[in-house]
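To keep things clear, I will list the structure first and then write my remarks on it.
Any read-out appearing in this document is the output of simple, stated calculations on the displayed coordinates, not a laboratory observation. Note that this is a predicted model, so its numbers are computed, not measured. All Cβ positions, glycine included, derive from the backbone under ideal geometry; neighbour counts span all protein chains shown.
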């Protein structure tokens, strides 16, 4: 899978301003009312990720969940990442 062009990545970020690019990954922190809300979200993300066979790095901090997406086999951000980022954003 090819890496996204700078232009395509910029367009995605403009349309999804809660996501940013950090260290070659798409990153977003989601906030919830409490730990149970965070874990519920992570469970839903896990189902999406498994179906897509594309798994994000997930950091859980009580009421915050940070997702980091990149396609390791491609060495950066690909369409797989933007598709999963979009789907995760709709879950929240």
### Query
With axes computed from alpha carbons, what is the tilt in degrees of helix 6-15 against the longest principal axis of the chain, rounded to the nearest 10 within 0 to 90?
30
### Query
Which angle between 0 and 90 degrees, to the nearest 10, do you get for helix 79-91 versus the longest principal axis of the chain when only C-alpha atoms count?
30
### Task
Within 10 Å of each residue's Cβ, count the other Cβ atoms and sort 91, 26, 4 from fewest upward.
91, 4, 26
### Query
Scaled to the compact-protein estimate 2.2 N^0.38 Å, what is the alpha-carbon radius of gyration of segment 6-91, rounded to two decimal places?
1.04
### Query
Roughly speaking, what is the stretch gain from residue 29 to residue 66, that is 0.36 nm per residue apart minus the C-alpha to C-alpha distance, in nm to one decimal?
12.9 nm
### Task
Mind pulling the angle between the C-alpha long axis of helix 35-52 and the longest principal axis of the chain? Nearest 10 degrees, somewhere in 0 to 90.
40
### Query
Gain in length, residue 1 to residue 83, computed as 0.36 nm per residue apart minus the alpha-carbon separation, to one decimal in nm?
28.2 nm
